[in-house]
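Okay, so here's the structure we're looking at.
The values are calculated or read from the model by the stated rules, or taken from the named source; none is laboratory data. Everything quoted here is computed from the prediction, not taken from an experiment. Counting neighbours? That spans all protein chains shown, and the Cβs are built from the backbone with ideal geometry, glycine included. The protein model used for the area step is the full one, side chains on, heavy atoms only, and it has no ligands, DNA or RNA in it. Shrake-Rupley method; radii C 1.70, N 1.55, O 1.52, S 1.80 Å.
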Amino acid sequence: MHQLTLAEIARGLADKKFSSEELTKVLLARIAQLDPQLNSFISLTEDLALQQAKAADARRANGENGSLLGAPIAHKDLFCTQGIRTSCGSKMLDNFKAPYDATVVAKLAAAGAVTLGKTNMDEFAMGSANESSYYGAVKNPWNLEHVPGGSSGGSAAAVAARLLPAATGTDTGGSIRQPAALTNLTGLKPTYGRVSRWGMIAYASSLDQGGPLARTAEDCAILLQGMAGFDPQDSTSIDEPVPDYSASLNGSLQGLRIGVPKEYFGAGLDPRIAELIHNSVKELEKLGAVVKEISLPNMQHAIPAYYVIAPAEASSNLSRFDGVRFGYRCEDPKNLIDLYKRSRGEGFGPEVQRRIMVGAYALSAGYYDAYYLKAQKIRRLIKNDFMAAFNEVDIILGPTTPNPAWKLGAKNSDPVAAYLEDVYTITANLAGLPGLSMPAGFVDGLPVGVQLLAPYFQEGRLLNVAHQYQLNTDWHTRTPTGF
């Protein structure tokens, strides 16, 4: 039962082959047995899950149907869930129980999804390896000595290990797509504004976007359908109709124009990954796609621009955690300043402190123009590059990451080396574009992903290409040994 995809679960529930309650019990037992190896969950919600499963079964018994009705999922632990710990992977929020549900949580619950728990993540979503979590590092099920990617590494590891069929994640600079690539999953970052950010604890408000992690493009379409839509409570949400993502999966790729940026294949890319990316291009050409080389000349500036903008926004967003209103509070503060300093110094981990300091510096009076304003101008140039490229091609294809998953702790002494792993993913966040990573093969037994980017609100096109690719390849069906 644990090998079933979301789509197969929907069919099994509709055909009464099993109930949501039976499936939920199987998966909860599997999590209890296997997750100690992975550390992919921060909180399990057994009582809530069984209650939601019984309710879903009752709704089906009354004739209701729906792809998510009774389907088990988990949420990255920065989506507020009423009455349940929402920690953001941080000591700062270890004792925080949200008084309300995030819009994404509420929408999926209304669709009948069953919440099994909250997944581990890099602290406040700051990281590429899921090693900065207060609750310890998450392990990659493909090799327990390697990272699963971050910051949505808990969601990725849990789905890859078949502990559940799908999970939510968030993507600020690649935090859905990069762990998807490193764990052999399909992960989708929607267009900025497509999925509500209300109740999603912010890292960088102009970059964060929620999205699905699953084994197939078909499953991502199902989960995105439940997540997407306009939300008047979120000022960054865009009032754009949500298409039927599943309906577009089977469209022909005949004549599809694919652009491959020459800048993607520089010295930093593992040549074995480059070969797998070229193989995926050939596969899409067999399906009728037309491939051409394009250029994204400002891509080289993306990492420095991102690592000014994101920390700047983080330093502003995280100022609310002051030991006064909620979250961690130091013991016996001498005065207000001592309360602020010690609560933040003890509550935030090293990576979060590092990014707050960088962001506060970039926003300071003497350096705002030199750093933050310049980074925003580069951001516009990167967007212009994409707009010019999409006049020539329908989608852009390339590697998701420059390397396969690295060993736990390998980059801890060199934060910049970890930042460079985001080189291919952050441009989509800076431009607000939708992006998808799908399995494309293995290097040294570790998964590799290929990334697809599309114009605004063209998530359906990404899902269509990925689904057609997956009908003709079997990378996404491979299961890690022992799981």
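What tally of residues in the range 203-225 results from selecting those that are open to solvent by less than 10 Å² (accessible area, probe 1.4 Å) and either in a loop (DSSP other than H, G, I, E, B) or not charged (D, E, K, R) (or both)?
Count: 15.
Regarding the range 243-250, can at least one residue be identified that is more than 30 Å from VAL290 (Cβ to Cβ) and not in a loop (DSSP other than H, G, I, E, B)? Checked the range 243-250: no residue is more than 30 Å from VAL290 (Cβ to Cβ) and not in a loop (DSSP other than H, G, I, E, B).
Going residue by residue through the range 417-424, is there one that turns out to be part of a loop (DSSP other than H, G, I, E, B), within 17 Å of PRO297 (Cα to Cα), in contact with a helix residue (DSSP H, G or I) (Cβ under 8 Å, 6 or more places away or on another chain) and aliphatic (A, V, I, L, M)?
First, the residues of the range 417-424 that are part of a loop (DSSP other than H, G, I, E, B): 423-424.
If we keep only those that are within 17 Å of PRO297 (Cα to Cα) as well, we get 423-424.
Now restrict to residues that are in contact with a helix residue (DSSP H, G or I) (Cβ under 8 Å, 6 or more places away or on another chain): 423-424.
Filter once more, keeping what is aliphatic (A, V, I, L, M): 423.
Yes - at least one qualifying residue is present in the range 417-424.
Residue by residue, here is whether (1) modelled with pLDDT of 95 or more; (2) buried (at least 18 other Cβ atoms within 10 Å of the Cβ) holds:
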| residue | (1), (2) |
| --- | --- |
| PRO36 | yes, no |
| SER40 | yes, yes |
| ASP47 | yes, no |
| ALA58 | yes, no |
| GLU64 | no, no |
| ALA71 | yes, yes |
| PHE79 | yes, yes |
| THR86 | yes, yes |
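Has the range 420-441 got at least one residue that is in contact with a Gly (Cβ under 9 Å, 6 or more places away or on another chain), open to solvent by 10 Å² or more (accessible area, probe 1.4 Å), modelled with pLDDT under 95 and among the β-branched types (Val, Ile, Thr)? Among the residues of the range 420-441, at least one is in contact with a Gly (Cβ under 9 Å, 6 or more places away or on another chain), open to solvent by 10 Å² or more (accessible area, probe 1.4 Å), modelled with pLDDT under 95 and among the β-branched types (Val, Ile, Thr), which makes the answer yes.
Mind checking which residues of the range 241-269 are touching a Pro at 6+ places or on another chain (Cβ under 8 Å) and either hydroxyl-bearing (Ser, Thr, Tyr) or open to solvent by 20 Å² or more (accessible area, probe 1.4 Å) (or both)?
Quick first cut of the range 241-269, residues touching a Pro at 6+ places or on another chain (Cβ under 8 Å) only: 263-264, 268-269.
Those that are touching a Pro at 6+ places or on another chain (Cβ under 8 Å) and either hydroxyl-bearing (Ser, Thr, Tyr) or open to solvent by 20 Å² or more (accessible area, probe 1.4 Å) (or both): GLU263, TYR264, GLY268.
Is it the case that ASN403 is closer than 27 Å to SER128 by Cβ, part of a loop (DSSP other than H, G, I, E, B) and among the polar types (S, T, N, Q)? Quick ask: steps written out before the conclusion?
Values: closer than 27 Å to SER128 by Cβ: yes; part of a loop (DSSP other than H, G, I, E, B): yes; among the polar types (S, T, N, Q): yes.
Judged against the criteria, ASN403 is a match.
Of the helices (runs of 4 or more DSSP H) contained entirely in the range 296-400, those carrying at least 1 residues that are farther than 23 Å from ASN429 by Cβ and open to solvent by less than 40 Å² (accessible area, probe 1.4 Å) fall at 336-347.
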